[in-house]
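The values are calculated or read from the model by the stated rules, or taken from the named source; none is laboratory data. No experiment lies behind these values; they were computed from the predicted model shown. Reconstructed Cβ throughout: ideal geometry from the backbone, glycine too, with neighbour counts over all protein chains shown.
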Amino acid sequence: MNYNNNIYGKGKPSYNEIKEQVKLLIKNFKEHFSSLGYIEEPSVKITSGIDPTVRFIGSPISVFKSYLKSNIPYPGIFMYQDCLRTQNANKMLDDEYLPSWGSFFPNTGAVTQPKRLTYGCNETFEYIEKKLGIDIDKVIVRISSTDKDLLKICKSLLNENNIDIDSRDINYYRHKIGIDGVWGRNCNIALKKSNDEGYSDIGNLVIIENSESIICLEISIGVSTILKEIYGLDHVLDLTPVLGLEFVEKKYRRKFEDALITCIVLFRENLNPFGQKNANRIFKKYIQSISYFRAKCKFNLNKLESIISEFEEREFPESFKYITNSMIETIEVIEHRILNRNNLTKDQQIIKKALIEF
């Protein structure tokens, strides 16, 4: 990656710098919306089950849903939330699949009352420009011409050059909320890439409504997506580097990182990969894939143990839980079962072959 041509004037960040920037973005988001009178909602565990329509908390909206059924406090509520989206789970053993996103990521979000649609949109653009220090000319809003209310608001707040209309399929501008009879219409906020070649989505503004009326405006802003573009990182996972995997073959590296990070997070929340619920089964997919990657990359269990322990201690210094032993023991149990049973799934057969060849 060439950092000399970064339009944001950033050089290659150190690990400590990028961690401080993550904290700063979260702090700035909280300060901005708190100063506007929004009330902070505490974050929850990814496995909390507070939203029964999802297996893991993948967005602050899961926490906000209880307010959608009653009244949102004036002018709104906001929060920081660790999230997990498992879109990579079913493709971990596909060597041709290179994930664009990590499964685990930090997110910031807010909701405001329906009468404050314009205010909420403006407060979001002000956050980007004033708190993040990003020139609004480096931002575009991708929007559908069918969403006349959103389009009207964006035209009143932004220049014509900042608005991209109908460049995507209509489904790109639609949100599933997970509540019967409730849906979302969104415009996506995109930031110019550091090399000045195109834009990348960093968040969205969503009008949530039912057949009778608008319920609220949801504001969702990524943390890792913003920092990836500002610093010109190769991948969002570079915000949480897994030391020891830097020179792993490209087709394995990002999925290996993703599997390790996801499993460390879920072990820290005491989720059992051998349980019968869908969340447990998804967890098992990730931890089984670690055996595949370690075999393909020639990592013995001692090396893997060192990588896991170092990552947890570095990423979670204030709440280090020593999950390494439990995680390694679970991997050993899984590998023993795969190597000594005949009735295996297709994925387990692929893992068994890799382990034998290792």
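Values for this structure:
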read-out: All positions within the range 21-52 that are under 21 Å from Val265 (Cβ atoms) and not hydrophobic (A, V, I, L, M, F, W, C); value: Gln21, Lys23, Glu41, Pro42, Ser43, Lys45, Thr47, Ser48, Gly49, Asp51, Pro52
read-out: Given (1) surrounded by 13 or more Cβ atoms within 10 Å (Cβ to Cβ); (2) over 19 Å from His175 (Cβ atoms); (3) over 15 Å from the mean Cα position of the chain (by Cα), number of the condition Asn71 does not satisfy; value: (1)
read-out: The range 123-138, residues that are over 24 Å from Gln113 (Cα atoms) and touching a strand residue (DSSP E or B) at 6+ places or on another chain (Cβ under 6 Å); value: Lys138
read-out: Sole exception among (1) in a helix (DSSP H, G or I); (2) of a type outside the set (Phe, Trp, Tyr); (3) out of contact with any Leu (no Cβ under 9 Å at 6 or more places or on another chain) for Thr225, by number; value: (3)
read-out: Cβ pairs under 9 Å, 6+ apart, first in the range 1-27 and among the small types (Gly, Ala, Ser), second loosely packed, with under 13 Cβ neighbours inside 10 Å and at pLDDT below 90; value: Gly11/Asn4
read-out: Any hit, the range 241-259, residues being surrounded by fewer than 22 Cβ atoms within 10 Å (Cβ to Cβ), within 28 Å of Tyr80 (Cα to Cα) and touching a Phe, Trp or Tyr at 6+ places or on another chain (Cβ under 8 Å); value: yes
read-out: Matching residues, the range 205-219, being in contact (Cβ under 8 Å) with a residue 12 or more places away in the chain, surrounded by fewer than 24 Cβ atoms within 10 Å (Cβ to Cβ) and not hydrophobic (A, V, I, L, M, F, W, C); value: Glu209, Asn210, Ser211, Ser213
read-out: Number of the exception - Leu117 against (1) surrounded by 21 or more Cβ atoms within 10 Å (Cβ to Cβ); (2) touching a helix residue (DSSP H, G or I) at 6+ places or on another chain (Cβ under 7 Å); value: (1)
read-out: Among the candidates Ile179, Ile153, Ile189, residue that is in contact with a Ser or Thr (Cβ under 9 Å, 6 or more places away or on another chain), within 25 Å of Leu68 (Cβ to Cβ), part of a strand (DSSP E or B) and of a type in the set (A, V, I, L, M); value: Ile189
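For (1) under 18 Å from Glu129 (Cβ atoms); (2) of a type outside the set (Ser, Thr, Tyr); (3) part of a loop (DSSP other than H, G, I, E, B); (4) touching a helix residue (DSSP H, G or I) at 6+ places or on another chain (Cβ under 6 Å), each residue gets a yes or a no:
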{"residue": "Ile7", "(1), (2), (3), (4)": "yes, yes, yes, no"}
{"residue": "Ile18", "(1), (2), (3), (4)": "no, yes, no, yes"}
{"residue": "Leu24", "(1), (2), (3), (4)": "yes, yes, no, no"}
{"residue": "Pro42", "(1), (2), (3), (4)": "no, yes, yes, no"}
{"residue": "Lys45", "(1), (2), (3), (4)": "no, yes, yes, no"}
{"residue": "Ser48", "(1), (2), (3), (4)": "no, no, yes, no"}
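To keep it simple, each residue is scored yes or no on (1) surrounded by 21 or more Cβ atoms within 10 Å (Cβ to Cβ); (2) at pLDDT 95 or above; (3) part of a helix (DSSP H, G or I); (4) aliphatic (A, V, I, L, M).
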| residue | (1), (2), (3), (4) |
| --- | --- |
| Val265 | yes, yes, yes, yes |
| Gln276 | no, no, no, no |
| Phe283 | yes, yes, yes, no |
| Tyr286 | yes, yes, yes, no |
| Ser291 | yes, yes, yes, no |
| Arg294 | yes, yes, yes, no |
| Lys303 | no, yes, yes, no |
| Ser306 | no, yes, yes, no |
| Glu313 | no, no, yes, no |
